[in-house]
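For reference, the structure discussed in these notes is given below.
The values are calculated or read from the model by the stated rules, or taken from the named source; none is laboratory data. Predicted, not measured: the structure shown is a model, and the values here were computed from it. Please note: Cβ atoms are built from the backbone with ideal geometry, for glycine as well, and neighbour counts cover all protein chains shown. Heavy atoms of the whole protein, side chains included, go into the accessibility calculation; ligands, DNA and RNA do not. Shrake-Rupley method; radii C 1.70, N 1.55, O 1.52, S 1.80 Å.
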Amino acid sequence: MTDGGDGARGTEVEGAGEPDNDSLASSRADGSVAENGQQPSAASGHQGESDSADERTTATDSMLAEPTRSRLVKAQARTAKLERGPITEYTTDRRSLAGVVRVQWGIRTTIFAIIVGLILAAILQAFSAPPVFGLAAIGLLLGVGLVWVVLAYRVWVYQIRDDSLYLERGVITHVRTIVPYVRIQHVDTSRSALERALGLSTLVVYTAGSRGADVSVPGLKPQEARDLQQRLKELAIEADGDDAL
């Protein structure tokens, strides 16, 4: 009896120590669920980080693309403007001044010759020289001045080019001036009392870095001066746009 009881208890103990197949399956299932539960959480975290990185990349691309987009808009606007009116529309051939400018220069030369001649006559009279020398000096200065007027008118040329304003002038010293449009600040037209009487106007171009209005085109008709002013304005705007791009 005793041996049988011990054997029964031993059998019970051994049976209790061995795990049940159902329990093992349940444990494996629980572990699998736990592992599967952790995996989606990790995957969700990686997806969130990826979304944040994509958002930052998109924001960076947007910030970098803004100047490019602005340049593209400017380029498209410039292209459309050139299609409406090409730059050759504003350029001109080599032009001379209005012929009446010779009258203006002749009047100024005559006044200068008379003043200087009277001064010389007074000086000669102080040395007891006959007055005829004073008159001869006035005539000589007047003749030289009128010859200078004719020659100055012949060599005075201006031209509006694609990239600059070109001036050519000078009798004794021949001067060629090129004013790039990117340096033009503003353009004025002026008319003195004598110019208004003769129906003339002067185009004055102010450039960057210059101390004064050292570039001017005299002897223009008022309508022509306004036309040149508008041409130079449009070309200066075009040149400023090219420099900005």
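Give me the accessible area of residue 153, 1.4 Å probe, in Å² rounded to the nearest 10.
Around 40 Å² of this residue is reachable by solvent.
Largest first, how would 112, 127 line up by accessible area (1.4 Å probe)?
Highest to lowest solvent-accessible surface, that is 127, 112.
Need one value: the accessible area of residue 93 in square angstrom, 1.4 angstrom probe, rounded to the nearest 10.
120
How much of the calculated P(r) for segment 107-226 lies past 19 Å, in percent of all Cα pairs?
Summing the P(r) tail past 19 Å for segment 107-226 gives 62 percent.
Run the accessible area of segment 88-204 with a 1.4 Å probe and give the carbon-and-sulfur part as a rounded percent.
64
Over segment 118-167, give the accessible area per residue in Å² for a 1.4 Å probe, as an integer.
Ligands and nucleic acids excluded, the figure is 62 Å² per residue.
As an exercise, use a Förster radius of 22 Å and the Cβ-Cβ distance of residue 174 and residue 108 to find the FRET efficiency, rounded to the nearest 0.05.
In this case the efficiency is close to 0.55.
Any chance you could run the full-extension gain for residue 182 through residue 226? It's 0.36 nm times the residue separation minus the Cα-Cα distance, nm to one decimal.
Here the segment from residue 182 to residue 226 would lengthen by 13.8 nm.
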